[in-house]
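The values are calculated or read from the model by the stated rules, or taken from the named source; none is laboratory data. Bear in mind that the values here come from a model prediction, so they are computed numbers and not experimental data. Cβ atoms come from the backbone with ideal geometry, glycine included; neighbour counts cover every protein chain shown. For accessibility, only protein heavy atoms count, side chains too; no ligands or nucleic acids. Shrake-Rupley method; radii C 1.70, N 1.55, O 1.52, S 1.80 Å.
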Amino acid sequence: LAKFESLKINGLGGEIKAEGEVAWQPGLSWNFASELSRVDLASYWPVSRSVLPRLDGTVVTSGHSAGRGSGVDIAVQLAGGERWVLSDKTDGVLWAPSSRHKAAISWKNVTRPVPAMEFVRSSEGRLLFEGRRDSYKADFSAGMTTGVMPSGTWRGQLTGSGPRMTVDTLSYAGDAGGMQAGGEVDFSEGVAWQGAVVLDEFQSGWILPDW
């Protein structure tokens, strides 16, 4: 068991102050609380800064990883009120490709600039994921506004296997009316898709103002 009462790291474009403990027997376990100041992960990861801006806030995480099963909980509170909570349990080592995950991610007060949509703003949402990278299912729901779609609730269910993903249902209900969609996407050779959309008193002028 190793305890850190005060750990300061200057790196990743900013500063991290942490305290907590980590143990290696039996398996790996940890419990940390951290303060982030101007941490810039987008400079080190292949992610746009519009998706992952500089981070100021707190991160609290605890978990364990072992061959018989693993789990992790992470809570992130960022400046401006943005909040993320993740909980994940697996039947094996946490990061092993063969491990089966059962994860939940929730968020509040998230705003990001997005090309072709101007911006995406979500007051709150939740994503549930179960399975492995090569065979999974996911459900999500979110209250969301974009530069081309007014406020509404989005819900979706999808399943995936290898390079193929099936959108079982994708629905929107809000100020622009109603919309339901479904289809399939294949990433095996580029991107190929097919699907169908059903509109219910949908005001198309939000997307196609000249139509």
- Once you charge only the Cβ atoms, +1 for Lys and Arg and -1 for Asp and Glu, what is the size of the charge dipole of the stretch 11-170 about its Cα centre, to the nearest 20 debye? 380 debye
- Here the FRET efficiency for D134 versus W24, based on Cβ atoms and R0 = 22 Å and rounded to 0.05, is 0.15
- Message: As I understand it, the dipole of the chain uses +1 on the Cβ of Lys and Arg and -1 on the Cβ of Asp and Glu, about the Cα centre. Which of A103, L12, G147 lies farthest toward its positive end?
- Response: L12
- Message: Between K102 and V198, what is 0.36 nm times their sequence separation minus the Cα-Cα distance? Round to one decimal in nm.
- Response: 31.4 nm
- Query: Okay, which of the stretch 26-50 sit inside 20 Å, backbone N to the point 7 Å along the Cα-Cβ direction of L127?
  - Reply: 41-50
- From the list (1) 189; (2) 135; (3) 147, can you say which value of volume of the Cα convex hull per residue in Å³ was derived from the structure given? (2)
- Task: Rank these residues by their accessible area, most exposed first, probe 1.4 Å: T166, T111.
- Result: T111, T166
- Carbon/sulfur fraction of accessible area - the stretch 89-169, other protein chains in place, 1.4 Å, %: 57 percent
- What are the residues whose amide H is under 5 Å from the amide H of G14, where those residues sit 5 or more places off or on another chain and H is modelled from the backbone? D40
- Query: What is the calculated FRET efficiency for D73 to R38, with r their C-beta to C-beta distance and R₀ = 35 Å, to the nearest 0.05?
  - Reply: 0.90
- For the chain, dividing by residue count, accessible area per residue (probe 1.4 Å) in Å² works out to 63 Å²
